[in-house]
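The values are calculated or read from the model by the stated rules, or taken from the named source; none is laboratory data. Because the structure is a prediction, the values reported are computed rather than measured. FYI the Cβ positions are ideal-geometry reconstructions off the backbone, even for glycines, and counts take in every protein chain you see. With ligands, DNA and RNA removed, areas are computed over all heavy atoms of the protein, side chains included. Shrake-Rupley method; radii C 1.70, N 1.55, O 1.52, S 1.80 Å.
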Protein chains: 2
Amino acid sequence: MDRLIEAIRTKKNPTVAGLDPKLSYIPSFLRKAAYAKYGKTLEGAAEAILQFNHGLIDALAAIVPAVKPQCAYYEQFGWQGMRTLEATIRYAQQKGLYVIIDGKRNDIGTTMEAYAKAHLGTTEVEETQIPVFDGDALTVNPYLGSDGIQPLLPICKERDKSIFALVKTSNPSSGELQDRTFADGKTLYVTIGSLCEDWGKESRGQYGYSRVGAVVGATYPAQLGELRK
Amino acid sequence: MDRLIEAIRTKKNPTVAGLDPKLSYIPSFLRKAAYAKYGKTLEGAAEAILQFNHGLIDALAAIVPAVKPQCAYYEQFGWQGMRTLEATIRYAQQKGLYVIIDGKRNDIGTTMEAYAKAHLGTTEVEETQIPVFDGDALTVNPYLGSDGIQPLLPICKERDKSIFALVKTSNPSSGELQDRTFADGKTLYVTIGSLCEDWGKESRGQYGYSRVGAVVGATYPAQLGELRK
């Protein structure tokens, strides 16, 4: 997490800019140019989004320390959209931005390792290790417990990457499960917060933050205060 | 879920075959042919996996009702892997197989809608609706509560698709959170099981199953019995 903290300090700005492209938000001149090349297809839409992201990143790179592309908005354009996700990540990193892939990925064992390789690590093709989406951090869903988180930790350590685990999300229904209190008096979100503390404890950087961050929706400031204790 | 039940009845087999390709499992003649065409690259690996899946699907189509490709194993080969995922789904469906995309996707609101479009629905590019990965069902993670599930339901209804929500997973650490008991005496997994019941109740098909299935690991038969009550 040190790289993120340093970027925040250098730019004197703690803002992360979301890159959640909706086609209807993209100026028509960019859409037209992309359709002229690739047709009104998933490929055309994905190209329009890439050009839009280039513009956004150019405008943001001097001001914000980090960007957060949301996988769903790329995945909805299929593999063509995922190609745009990869190209967007590369472009942002070339411009000095820290990239948090908002994928909320979750699984266990070797399957979670495959997600870790995809988003933070490298994939072996015969004797060669190839970086794939290669973000600087990935958001993950912790419902599966430690088995879903442990496979990420060695890759985070080896390649100086981090994860952010969902703890208390910002949506109205987050209370249906997250706010419920277990028999020991702790809520589900506090329980997960403690697990994050455990998962991260071996990796505290020079600014006191570990490689395992917690996602806490800004709509719930009281819960954020509670978790900071 | 009726289409799945009918496929199980027709083939007299309730087995779902996982399509979780590891490169090292793929016969070397397939890998060599793919590398000859595309190099020892992500594209070469993704092509080898596609050819392997074709063979698997050809062998399985008469015997099993459904296949379950695991997204992570495709995502680790980048957009090239996602292209193989799409092609694998198309091929399996052409051969009459029901396809459960094992993505464990989760998010809220319009972001979850984007995942729903990607995996079960269609994405609008200007005036055209284009199917994307277009599985028959998708696995989802319910930690975000109803806000993460509701966006899927209209698409399931419109396009005759289903979802499977994680309830009690098979991994050793699933108990860290899922087995904990809330103040009302119900465990987290039973609480989520009840939510699944609610989410699905409007969509019960002719065999009594709704469009919202529950994932319960076969390693926990007692919990499965409890949830069936």
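Is it true that residue B:5 is under 29 Å from residue B:159 (Cα atoms), β-branched (Val, Ile, Thr) and crowded, with 22+ Cβ neighbours inside 10 Å?
No, not satisfied.
Do you know which of the residues in segment B:36-56 that are more than 20 Å from the chain's Cα centre (by Cα) and surrounded by fewer than 19 Cβ atoms within 10 Å (Cβ to Cβ) is farthest from the other protein chains (Cβ to nearest Cβ)?
B:55
For segment B:87-129, which positions are under 27 Å from residue A:143 (Cα atoms), among the acidic types (Asp, Glu) and over 13 Å from the mean Cα position of the chain (by Cα)?
Across segment B:87-129, the qualifying residues are B:107, B:113.
Going through B:116, B:92, B:137, B:59 one at a time, which residue ends up being of a type outside the set (S, T, N, Q), open to solvent by 40 Å² or more (accessible area, probe 1.4 Å) and more than 7 Å from chain A (Cβ to nearest Cβ)?
B:59
Among the residues of segment B:148-164, is there at least one that is within 11 Å of the chain's Cα centre (by Cα) and of a type in the set (S, T, N, Q)?
yes
Go over the candidates B:124, B:158, B:75 one by one and state the one that is open to solvent by 10 Å² or more (accessible area, probe 1.4 Å), within 14 Å of chain A (Cβ to nearest Cβ) and charged (D, E, K, R).
Every option except B:124 fails the conditions.
When only residues in segment B:1-58 that are basic (Lys, Arg) and assigned to a loop (DSSP other than H, G, I, E, B) count, which is modelled with the lowest pLDDT? First the steps, then the outcome.
Taking segment B:1-58 and keeping what is basic (Lys, Arg), we get B:3, B:9, B:11-12, B:22, B:31-32, B:37, B:40.
With the extra rule that they be assigned to a loop (DSSP other than H, G, I, E, B), the set shrinks to B:12, B:22, B:40.
Numbers: B:12: 95, B:22: 92, B:40: 98.
The qualifying residue modelled with the lowest pLDDT is B:22.
Inside segment A:21-49, can you point out the residues that are of a type in the set (Ser, Thr, Tyr) and within 18 Å of residue B:130 (Cα to Cα)?
Answer for segment A:21-49, where residues must be of a type in the set (Ser, Thr, Tyr) and within 18 Å of residue B:130 (Cα to Cα): A:24, A:35, A:38, A:41.
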